[in-house]
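The structure appears below as structure tokens.
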Amino acid sequence: MSRKVRVVKLRALAAFTVACVAGPARADTLSAARARGELVFGADAQGGEPFVFEDPNDPRRKLIGFEVDIADALAADVGVRARFSQADWSTLVPSLERGDFDVAMNGLEDTPSRRARILLTLPYFSFGETLAVKRGDGRKSLDALAGGRIGTLNQSFADDLLRGRGFEPVLYEGVSEPYADLALGRISGVLLDHVIADRYGCVRPDVDCVRDDVARGTYAIGVRHGDEALVARLNEALGRLRRSGTLERILEKWKLWDFRQVELSHRLETGAATAPPPPSAVSRAWSFADTRLFLAGALVTLALSTAAFALALPLGLGLALCRLGRRGPLRAFAVTYIELFRGTPLLLQLYVLYFGLAPVFRLPPWAAAVLALAMNYGAYEAEIHRGALLAVPSGQGEAARALGLTRFQALRHVLLPQSFRIALPSMTNDFVALLKDSSLVSVITVVELTKRMTIAAVDLRGWLVPGLACAALYFAMSYPLSRLAARLEGALRRDQHPEAR
Amino acid sequence: MISIRKLGKRRGDVRTLSGVSAEIGAGEVVAIVGESGCGKTTLLRCLNGLETFDEGAATIAGFELDPGLRSLSEPDLIRLRGAVGFAFQEHHLFPHLTAEENVSLSPRVVKHVPAREARERAQELLRAVGLAERAGAYPHQLSGGQRQRVALARALAQDPKVLLLDEPTSALDPETAEGVARTILDVTAGRVTVVLVTHQISLAHRMAGRVLRLEGGALAELPTPTDTR
């Protein structure tokens with residue numbers, strides 16, 4: 001379960017790198033922790049309330065949350081202090097394997113794919129998957145919504161569950177966006193943990209939550225393979241916390257103690273199965289279907305990038321001309337636009353355009369993606385073309401004017417044909433950058449190549465194969481482009497420098 | 001054809017032109033000589049509106065020029081340039097166009113002459129300046145003298161009434177310069193009023209019917225060699 005905005009590209013890459021360089025785990029973490037006097041818990045403070053988050057009332061932003069309290073109690077039982085180590089949620093498992101911290105504890109669901117990779121303790125929390133629909137929608141079950149678009153978080157328990165039930169989930173990176181899109185009618189349902197649904201979805205006036213859980217799952221603490229002694233010690237401590245009522249007090253404090261926790265305690269006491277039924281989607285090997293999906297993803301990436309660049313080019317040219325022009329207001333507009341779009345992250349612009357402006361105008365995801373990329377890259381193109389136009393000798397414009405050409409005609413027949421040659425290498429560079437930056441649009445539910453890779457990585461339980469496939473496809477798109485640009489450049493230059501072939 | 005009346009121009013505190021006056025009749029070839037930096041080029045540029053002046057007035061090919069060119073609209077300016085050809089000292093040929101395209105661009109774009117007709121006319125002009133067989137060459141493939149002649153053909157392509165030439169032969173060796181000068185006289189041949197600026201007095205006397213010297217910001221008529229003899 002992931003609970004926040006994640007920059008897919010960066011994190012996917014980070015995870016990929018981590019997976020590639022993961023070294024052997026240290027031997028016997030428990031003894032080492034005892035010797036140090038502290039047990040290091042890996043978590044992501046960006047996860048938000050009520051898991052592990054910075055105390056807004058504390059000037060030093062101390063970490064608080066129900067998992068902080070549980071970790072403190074567990075550490076005390078073992079006889080050490082608990083210390084939190086910041087890690088990105090999506091890379092918690094690889095970071096644990098690498099040895100960045102002793103255990104991972106941050107809403108890690110007990111799933112078969114996770115069990116295959118690391119050791120898990122007994123559960124400390126039971127959650128339900130809550131289905132939310134738009135208020136007034138009579139379809140109150142997944143079956144009733146069959147064939148519809150259901151939103152959830154990327155790499156979550158619900159994501160696995162939905163795909164096991166034959167849905168192609170619409171994947172989000174943040175917790176409030178799926179509900180916003182649900183209210184706008186962009187999707188027909190949202191399936192997420194009740195902790196999230198209660199806080200971000202069910203409180204909205206335009207959203208109805210279905211009372212019964214679609215499924216149940218549990219959170220457990222992740223431990224490296226080989227640390228069976230630590231798992232045993234933590235299970236012992238967890239048992240004591242549960243029996244003594246400490247766990248109940250902690251969860252009660254955070255308003256999280258409910259019937260689900262009671263049922264979990266009962267199940268653990270009676271020795272019923274500790275693991276919940278597997279949600280579905282079991283690990284599998286790379287298949288032809290993956291190849292096809294990756295190619296389709298690459299096509300989406302290429303189409304998005306091409307369309308965005310086709311818009312960015314005239315936009316950039318227009319801005320460059322405004323900035324070089326004689327009209328003050330246009331010049332001021334161009335400067336403001338360029339500084340604004342160059343000076344703020346593309347990710348932010350995507351969010352504002354897709355979610356922020358949704359109440360004013362509701363763009364479909366692909367349109368918002370193309371527009372945001374085009375507006376952002378337009379600013380860069382503007383500067384490229386401005387520089388190129390300034391690089392054309394001033395005598396050229398003057399000669400054109402002396403021949404009676406209007407400013408526009410001089411631009412069209414004399415200046416732009418020359419500046420275009422100067423700009424071409426930078427433009428190619430920009431297009432290749434755009435091709436890669438297009439992976440950011442997955443945050444607004446567009447499934448392109450990088451997103452396809454992260455989805456496959458979960459299914460295949462590894463980043464290496466999908467990562468390499470993804471990299472190969474990006475390279476296959478960008479390299480021919482560089483070659484083409486080099487040839488075009490040579491052809492365009494031939495009339496000026498005969499030796500440049 | 002050209003009437004310059006007490007034209008004055010300042011650059012900051014420096015007076016580059018002060019009280020320049022001259023009358024030039026239709027079909028005349030007039031040379032303006034003077035030290036480099038005396039304002040010859042500036043005067044020429046003022047005459048087709050590439051630069052503005054501060055005082056006085058001028059009439060050229062029927063167009064009235066006033067300080068700051070305030071009375072001339074943009075379309076007027078474009079018509080003025082159609083009537084007044086200009087060839088730069090550094091030729092400023094368009095590097096991305098062939099010789100023929102350089103010559104035919106303005107008729108095609110400004111006067112909307114059909115492409116084929118413009119091409120034929122360009123070839124005619126290039127033949128007139130002795131470059132018929134170099135029509136397909138790009139500027140970088142031409143010698144200095146050839147470029148200067150393409151620039152001349154380009155300035156003539158609009159059938160101007162007046163041709164302003166800024167140091168048309170300065171970059172050339174004496175022999176080539178002689179050839180270019182003869183070409184200019186041949187192709188204009190009393191049909192076009194020519195004002196050329198040069199620092200070579202001998203060339204001025206060979207080419208022009210009248211030679212004016214620009215000195216201290218003002219024009220003075222130089223006696224022709226025959227008068228002094």
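Any read-out appearing in this document is the output of simple, stated calculations on the displayed coordinates, not a laboratory observation. In this text the structure is predicted, and so the values were computed from the model without any measurement. For neighbour counting, all protein chains shown are included, and Cβ atoms are generated from backbone atoms with ideal geometry for every residue, glycine included.
Tabulated data for the structure shown
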quantity	calculated
For chain A, calculated [θ]222 nm from helices alone, where every DSSP H run of n ≥ 4 adds -39500 (n - 2.57)	-17000 deg cm²/dmol
Estimated D of region A:70-206 in µm² per second, where Rh is the Kirkwood radius over Cα pairs and Stokes-Einstein applies at 20 °C, 1.002 mPa s	128 µm²/s
P(r) weight above 20 Å for region B:152-229, C-alpha pairs, percent	35 percent
Filtered chymotrypsin sites (Phe, Trp or Tyr not before Pro), region A:355-399: DSSP coil and at most 11 other beta carbons within 10 Å	A:Phe361
Environment charge of A:Thr445, counting only residues whose C-beta is closer than 10 Å and scoring Lys/Arg +1, Asp/Glu -1	0
Alpha carbon convex hull of region B:18-75, projected area averaged over orientations, nm²	4.6 nm²
Label point 7 Å beyond Cα of A:Thr406 along Cβ direction - residues of region B:49-75 with amide nitrogen under 13 Å	B:74-75
Set A:Lys253/A:Lys451; A:Lys62/A:Lys255; A:Lys62/A:Lys134; A:Lys140/A:Lys451; B:Lys9/B:Lys111 screened for pairs whose C-alpha atoms are more than 27 Å apart	A:Lys253/A:Lys451; A:Lys62/A:Lys134; A:Lys140/A:Lys451; B:Lys9/B:Lys111
Rg to Rh, two decimals, where the protein assembly as shown supplies the alpha carbon set and Rh follows Kirkwood	1.22
Region B:1-159 - convex hull of the alpha-carbon atoms, volume per residue in Å³	132 Å³
Mean projected area (nm²) of the alpha-carbon convex hull when region A:353-398 is viewed from all directions	4.5 nm²
For B:87-98, mean number of other protein chain Cβ atoms within 10 Å	5
Charge dipole of the protein assembly as shown about the Cα centre (unit charges at C-beta), most positive-ward option of A:Gly166, B:Ser71, A:Ser156	B:Ser71
